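**Student:** Dropping the structure in here first, questions after.
The values are calculated or read from the model by the stated rules, or taken from the named source; none is laboratory data. In this text the structure is predicted, and so the values were computed from the model without any measurement. Cβ atoms come from the backbone with ideal geometry, glycine included; neighbour counts cover every protein chain shown. All accessible areas refer to the heavy atoms of the entire protein, side chains included, with ligands and DNA or RNA removed. Shrake-Rupley method; radii C 1.70, N 1.55, O 1.52, S 1.80 Å.
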Amino acid sequence: MNILIIGSGGREHAFAWKIKQSKRCKNLYVAPGNAGTALAAVNVPIAVDDFQQLGVFCKEQKIDLVLVGPEVPLVKGIRDFFEADEMLKNILMVGPGRAGAQLEGSKDFSKQFMMRHNIPTAKAKTFFGDQLHEAEKYLESLAAPFVLKADGLAAGKGVVISSSLSEAKAAIHEMLEQKKFGEASAKVLIEEFLEGIELSVFVLTDGKDYVTLPEAKDYKRIGDGDTGPNTGGMGSISPVPFADASFMKKVEERVVRPTISGLKKENISYKGYIFIGLMNVQGEPYVIEYNTRMGDPETQSVMVRLKNDFVDLLVACAQGELKDQEVDVDPAHVATVVMAAGGYPEQYEKGKMISGLDKKLPAQVFHAGTKLKDGNSVTDGGRVLAVTGKGKNLEEAVKNSYEAVKEIRWDGAYYRKDIGKDVLNLTQTKTIC
Ligand code: AMP
Ligand code: GLY
C-alpha cells in the first residue's frame, strides 16, 4: 500500500517507524515530516491543513491510506474534504470527520456529550462572551482550585488552573473579554477540580467496534516533580501500574462503550482514535478530556509496545472491520523522555546542531522538532526528540532511556530527570487506589 501520514511531530515519527515495519507498506510519505521521518519515509513539504495540495498529492501518488496525526486538520474537516471529492473519497482514512472531531475541538460540545450519555466527568458550566459578570459570580461560589477551559483549540494552552480567586477572575477576563485565544475562548468552561492521578487511554474505533491500545501516562509539566507550566508532554510511560484489570474494566464500561454508543446514537460516523484523558479519583475514572488523535509523547511508548502489524489495524479501522481485530501487546515496560529546547514552553532557539544520534543507543530515538540541514539534524521546535527505552520493568526502561539521553547533546538541551519516578514511588509504597 501507499501510505501518507499527516503531521511533523514525535507521534508521526513513531507512526512512520511502526508502519515501515509492515509487510503491507510499499511507499510511505509524511507531510510535512521532520528529520526523523525522513529516515523511514519520504517527507512531502505540504502543510497539515492544506487539504487542496494534500488531495493533489494523494491522487498523483495513488495513496491508499491516510493516517491523520494532529488535531488541527481533523477539526478543520480533512475527512469531509476528502469525502466530497469523487476520487479522494475512495482513499482509506484514519481520523474522524468534522462532527466527530468536535469531541476535541469544542470542550463545551464534549462536556454536553458526556452529560447526555452519563459518562463520568467533572461538573462544569459554560459562559459566553457577554457573561463575564455571571462567570465571576460563579467563581465566587466555588472553592479553590479553579479550573478554566477555553472551548476551542488553543495549542494546549487553553486550560488555566488557579488556586487564587483573583487570578481566576483575571484569567476569565482575559479569555472572555480580551479573547486571549481568539474564537477558541468565545466560550469558557468553569469546571470542578478533580484530585487524582492521570492516565491516557487510547481506543481505535470504526464507529461500531473498537480495540484498546496500551495505556500510557503523560508528564505534562515542564519541571521535575510536576512543577512549572504545562507543555505538550515531557515524557510518558506504559504500562501504567494503577491501570489494573479492575480499573480498566470500569473505564471500558463507564467511558469507552458509552462514548462509542453515544456517537452512534447521535449519528456521528467515526473512524479513528479516541484518546481519553482520564483522572483516577480514588480508583474511579473521570474523563478530563477527549482527543480525536493519538497523544504525543504517549504514541512513542505505545508504538514500541504494540506487536500487531499496525497497518492491519489502520486498514480495519478505515474499512469498518475492527470487529475481527485483536491487539497484541508486548508485556515489556517502556519509558519515553522528551528532550526539549532550553526555554520551552516559552521562548526558545532553533537551529542547534544535534550530536550523538549516530551512536548505538540503548533506546529508540523519535524526532519531533528537528529538520535536516546540510545532512545534519538540527533543532527546529520546542520538543526536539523523544527517547524511548524498554525494559523488563519500569526501572530498567527508565534507565535505558536516560542512558541514551545522556549521549545526545545540543546547546541548551533540557529534559525532565524524573520520568516514571512518581509511579515507581507509588508502586513501592502501594498508596494508590
Ligand atoms: P486538558 O487540556 O483538558 O487536558 O487539560 C490540561 C491539564 O489540566 C490536564 O491534563 C490536567 O492535568 C489538568 N486538568 C484539566 N481539567 C482538570 C480538572 N477538572 N481537574 C484537575 N485537573 C484538570
Ligand atoms: N500528551 C498529551 C497530548 O498529546 O495531548
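**Student:** Report the full-extension gain for the segment Val329 to Tyr138: residue separation times 0.36 nm, less the Cα-Cα distance, to one decimal in nm.
**Tutor:** Contour length minus the Cα-Cα distance gives 64.2 nm.
**Student:** May I ask for the net charge around Pro32, where only other residues with Cβ less than 13 Å from the Cβ of Pro32 are counted and Lys, Arg are +1 while Asp, Glu are -1?
**Tutor:** Charge balance in the 13 Å sphere: -3.
**Student:** Consider all pairwise Cα distances in the chain and report the whole-number % of them above 39 Å.
**Tutor:** For the chain, the fraction of Cα-Cα distances above 39 Å is 16 percent.
**Student:** Next up: Go from 0 up to the bin containing the longest alpha carbon distance in the stretch 284-415, width 10 Å each, and give me the % of pairs per bin.
**Tutor:** 12, 33, 32, 19, 4, 0
**Student:** Further, regarding this structure: For the stretch 209-286 and the stretch 111-189, what is the separation of their C-alpha centers, rounded to whole Å?
**Tutor:** After rounding, the separation between the Cα centres reads 22 Å.
**Student:** Shifting gears a bit: Given the Cα-Cα distance of Lys123 and Ser166 and 0.36 nm per residue of separation, how much length would full extension add, in nm?
**Tutor:** Here the segment from Lys123 to Ser166 would lengthen by 13.3 nm.
**Student:** In addition: So how much accessible area does Glu183 have, in Å² to the nearest 10, using a 1.4 Å probe?
**Tutor:** The value for Glu183 is about 150 Å².
**Student:** I've got another one for you. For every helix of n ≥ 4 consecutive DSSP H residues, a contribution of -39,500 (n - 2.57) applies; sum these over the chain, divide by its total residues, and give [θ] at 222 nm rounded to the nearest 500 deg cm²/dmol.
**Tutor:** Counting only the DSSP helices, I get -8000 deg cm²/dmol.
**Student:** While we're looking at this one, here's another question. Hey, could you get me the Stokes-Einstein D for the stretch 107-182, Kirkwood radius over alpha-carbon pairs, 10 °C and 1.306 mPa s, rounded to whole µm² s⁻¹?
**Tutor:** 122 µm²/s
**Student:** How big, on average over all directions, is the shadow cast by the Cα convex hull of the stretch 125-256, in nm²?
**Tutor:** Orientation-averaged projected area of the Cα hull: 9.8 nm².
**Student:** Using a Gaussian network model of the chain whose springs link C-alpha atoms within less than 10 Å, name the residue from Leu153, Leu132, Leu54 with the highest mean-square fluctuation.
**Tutor:** Of Leu153, Leu132, Leu54, the Gaussian network model singles out Leu132 as fluctuating most.
**Student:** For Lys406 and Asp422, calculate 0.36 nm times their separation in residues minus their Cα-Cα distance, and state this gained length in nm to one decimal.
**Tutor:** 3.6 nm
**Student:** Please compute the per residue accessible area over the stretch 293-401 with all protein chains in place, 1.4 Å probe, rounded to a whole number of Å².
**Tutor:** Normalised by residue count, the accessible surface of the stretch 293-401 is 42 Å².
**Student:** Keeping all protein chains in place, calculate the accessible area per residue for the stretch 187-244 (probe 1.4 angstrom), answer in Å².
**Tutor:** Computed with neighbouring chains in place, this is 31 Å² per residue.
**Student:** Still on this structure, I have one more. Given the C-alpha centroids of the stretch 1-29 and the stretch 297-321, what is the distance between them in whole angstrom?
**Tutor:** Taking the Cα centre of the stretch 297-321 as reference, the centre of the stretch 1-29 is 11 Å away.
**Student:** What is the sum of charges around His173, taking Lys and Arg as +1, Asp and Glu as -1, for the other residues whose C-beta is under 12 Å from the C-beta of His173?
**Tutor:** -1
**Student:** If Lys and Arg each add +1 and Asp and Glu each add -1, what is the summed charge of the other residues whose beta carbon sits under 12 Å from the beta carbon of Gly235?
**Tutor:** 0
**Student:** Let's test the formula: R0 of 60 Å, r as the Cβ-Cβ distance of Val42 and Ala186. What FRET efficiency results, to the nearest 0.05?
**Tutor:** 0.90
**Student:** Just to be sure I understand the model, the point goes 7 Å from the Cα along the line to the Cβ. What's the resulting Gln319 to Arg257 distance in nm?
**Tutor:** Spacing of the two 7 Å Cα→Cβ label points: 2.8 nm.
**Student:** Measuring from a point 7 Å past the Cα of Gln21 along Cα-to-C-beta, which residues in the stretch 203-238 have an amide N at less than 17 Å?
**Tutor:** 213-215, 238
**Student:** Give me the one-decimal Kirkwood hydrodynamic radius in Å for the stretch 44-155, with the sum taken over alpha-carbon pairs.
**Tutor:** Over the stretch 44-155, the inverse of the mean reciprocal pair distance is 16.7 Å.
**Student:** Hey, another quick one. Counting only protein heavy atoms and using a 1.4 Å probe, what share of the accessible area of the chain belongs to carbon plus sulfur, as a whole percent?
**Tutor:** 49 percent
**Student:** Rank Glu195, Glu12, Glu104 by mean-square fluctuation in a GNM of the chain with C-alpha springs under 10 angstrom and give only the top-ranked residue.
**Tutor:** So, out of Glu195, Glu12, Glu104, the one fluctuating most is Glu195.
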